[in-house]
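Here is the structure we will look at.
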Amino acid sequence: MQITTSTLNSMARQGQKIVMLTCYDATFASVLDEAGVDVLLVGDSLGMVMQGHGSTLPVTLDDMVYHTRCVVSKASRSLVLTDLPFEAYLESPQQALASSVKLMSAGAHMVKLEGGHHMLETVRFLVERGIPVCGHIGLTPQAVNALGGYKVQGKTNEAAERLKAEALALESAGVSMIVLEALPAVLAAEITASLTTAATIGIGAGVNCHGQVLVLQDMLNIYPGKKARFVRNFMLNQTSIQAAVAAYVEAVRNGSFPAAEHTF
């Protein structure tokens, strides 16, 4: 059965964990789809793990269209969610719509954009025109220069209250999901409990989100360099990539990932 935005909403309301992984090509799309991953995120993280850049900022819309087509070709069950890259949506809602149309035409089922209050007009503009939208707050990689690096967000009372307000505002604007990245687990749990329609997907945000996402190359322990605290090596003690992905799916479903050591 094809996963849809309605499926994800029902899963969140029923307490069934949503499993998401990044995916950038047809081969891994087939593996992840067969393993029961609910959402394949064609992330602009491909700029780092596929293209070798130091951030997501150089990724182009054409890059995202290409990789979306690759993933969609082998995703028979999973919902395909594609990032709007840095260059493609900040200028105006009209620019965001034109970019989203290209991604949806390539086969994406939903688009993701980063930011809170300043993106509300754009979210409404897209949703009113039939484009499902996923928000992304907390650590937003496209704003890494403004944030001063890859740091945990929402640590002060003021910052926490702002993030709570942004999540509610994004839900009111019509997002179907919100990625919560690098937040204290208590804050992410409070945000999740405050929402009535949008599902939350955590990455470094504790176990109480409606679902979890990791970068595929991180959870397979094949991306070089220091790993973030919230990453777990699912290849450990496994004999194949398929087994590692299956272990990730099971760990998210049963709530054993993320554990305390992966949490802020």
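Things worth noting here:
- In the set (1) touching a residue at least 12 places away in the same chain (Cβ under 8 Å); (2) in a loop (DSSP other than H, G, I, E, B), the condition left unmet by GLN238 is number (1).
- In the range 223-264, of all residues being closer than 25 Å to HIS210 by Cβ and among the aromatic types (Phe, Trp, Tyr), the one that is surrounded by the fewest Cβ atoms within 10 Å (Cβ to Cβ) corresponds to PHE264.
- Residue check, GLU250 closer than 17 Å to ILE137 by Cα, among the charged types (D, E, K, R) and free of Cβ contacts under 8 Å to residues at least 60 places away in the same chain: no
- Of the numbered criteria (1) outside any helix (DSSP H, G or I); (2) touching a residue at least 12 places away in the same chain (Cβ under 8 Å), the one SER256 fails is (2).
- Residue check for ALA96: closer than 29 Å to ILE222 by Cα and crowded, with 16+ Cβ neighbours inside 10 Å: no
- The single residue among GLN212, GLN153 that is surrounded by 19 or more Cβ atoms within 10 Å (Cβ to Cβ), out of contact with any helix residue (DSSP H, G or I) (no Cβ under 6 Å at 6 or more places or on another chain) and among the polar types (S, T, N, Q) turns out to be GLN153.
- The residues of the range 1-12 that are surrounded by fewer than 20 Cβ atoms within 10 Å (Cβ to Cβ) and either in a loop (DSSP other than H, G, I, E, B) or touching a Lys or Arg at 6+ places or on another chain (Cβ under 6 Å) (or both), listed by number, are MET1, GLN2, THR4.
- Here LEU183, LEU220 are screened, and the one residue that is surrounded by 19 or more Cβ atoms within 10 Å (Cβ to Cβ), farther than 22 Å from MET110 by Cα and in contact with a Leu (Cβ under 8 Å, 6 or more places away or on another chain) is LEU183.
- Filter pass, ASN254 being of a type outside the set (A, V, I, L, M, F, W, C), modelled with pLDDT of 95 or more and touching a helix residue (DSSP H, G or I) at 6+ places or on another chain (Cβ under 7 Å): no
- Selection from the range 193-228 of residues that are in a loop (DSSP other than H, G, I, E, B) and over 22 Å from MET48 (Cα atoms): LEU195, THR196, THR197, ALA198, GLY206, VAL207, ASN208, CYS209, HIS210
- Selection within the range 146-165 - part of a helix (DSSP H, G or I), modelled with pLDDT under 95 and more than 20 Å from the chain's Cα centre (by Cα): ALA146
- Failed item, numbered, when THR197 is tested on (1) touching a residue at least 40 places away in the same chain (Cβ under 8 Å); (2) over 20 Å from MET119 (Cα atoms); (3) hydroxyl-bearing (Ser, Thr, Tyr): (2)
The values are calculated or read from the model by the stated rules, or taken from the named source; none is laboratory data. In this text, all values refer to a predicted model and were calculated from it rather than measured experimentally. Note: ideal-geometry Cβ built from the backbone for every residue, glycine included; neighbour counts use all protein chains shown.
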